[in-house]
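Reading through the structure tokens given below for one structure.
The values are calculated or read from the model by the stated rules, or taken from the named source; none is laboratory data. Just so it is clear, the model here is predicted, and its values are computed rather than measured. Cβ placement follows ideal geometry from the backbone for every residue including glycine, while neighbour counts extend to all protein chains displayed.
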Amino acid sequence: MCGGVEAKDKNRAYVPVKVYFPNPKAAFPVMLEDGTELGWVPWGRRKEQPGSGPQGGWAKRETIERGGWDKYHPQRALGLVSGYMEKDAARVSHWFEMTQGYGLECLLIGEAEERRVYVVTTTPPPAFEWVHDRWPMIAELPARSEEGPGWS
């Protein structure tokens with residue numbers, strides 16, 4: 001279900017940073033589908049955190065398609081990560097490298113300080129069903145300048 005991500009922080013000379021969802025300060029760089037970079041956006045909302053967005057850090061594709069997220073007026077966004085982590089049934093972490101030019105399919109809700117990003121999930125590819133029953137959706141990034149955002 002994507003319990004962690006690795007992203008490169010351009011404010012730290014593009015040094016990779018591993019971020020885990022349970023951390024209340026979890027965030028990762030996000031881009032809107034038009035190519036607008038938003039920088040690091042908080043990842044979801046935990047039970048103890050204030051806000052009007054749903055608890056958790058994920059949005060099931062099936063729920064989105066049924067209109068379950070419509071009340072939040074989400075925008076499609078892309079997580080600019082270089083890798084993501086899934087835990088198997090034994091709670092062992094498995095890291096997967098992101099293909100260059102692709103990002104995590106996400107929903108962005110809220111504005112300004114209330115803005116949050118949720119990773120869109122679906123069923124896993126057959127080769128990875130043994131890892132987890134939910135899998136992050138991957139999408140191609142829009143064309144970008146050579147300078148690029150805080151990822152690679």
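Across segment 58-73, not a single residue is classified as touching a His at 6+ places or on another chain (Cβ under 6 Å) and either among the charged types (D, E, K, R) or touching a residue at least 60 places away in the same chain (Cβ under 8 Å) (or both).
Yes/no per residue for (1) surrounded by fewer than 19 Cβ atoms within 10 Å (Cβ to Cβ); (2) farther than 18 Å from VAL41 by Cα; (3) in contact with a Gly (Cβ under 9 Å, 6 or more places away or on another chain); (4) modelled with pLDDT of 95 or more:
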{"position": "GLU62", "(1), (2), (3), (4)": "yes, yes, yes, yes"}
{"position": "ASP70", "(1), (2), (3), (4)": "yes, yes, no, yes"}
{"position": "PRO74", "(1), (2), (3), (4)": "no, no, no, yes"}
{"position": "GLY83", "(1), (2), (3), (4)": "yes, no, yes, yes"}
{"position": "TRP95", "(1), (2), (3), (4)": "yes, yes, yes, yes"}
{"position": "GLY103", "(1), (2), (3), (4)": "no, no, yes, yes"}
{"position": "ILE109", "(1), (2), (3), (4)": "no, no, yes, yes"}
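So in segment 46-57, with the set limited to residues that are touching a strand residue (DSSP E or B) at 6+ places or on another chain (Cβ under 6 Å) and in contact (Cβ under 8 Å) with a residue 40 or more places away in the chain, which one is surrounded by the fewest Cβ atoms within 10 Å (Cβ to Cβ)? Among residues in segment 46-57 that are touching a strand residue (DSSP E or B) at 6+ places or on another chain (Cβ under 6 Å) and in contact (Cβ under 8 Å) with a residue 40 or more places away in the chain, the one surrounded by the fewest Cβ atoms within 10 Å (Cβ to Cβ) is GLY51.
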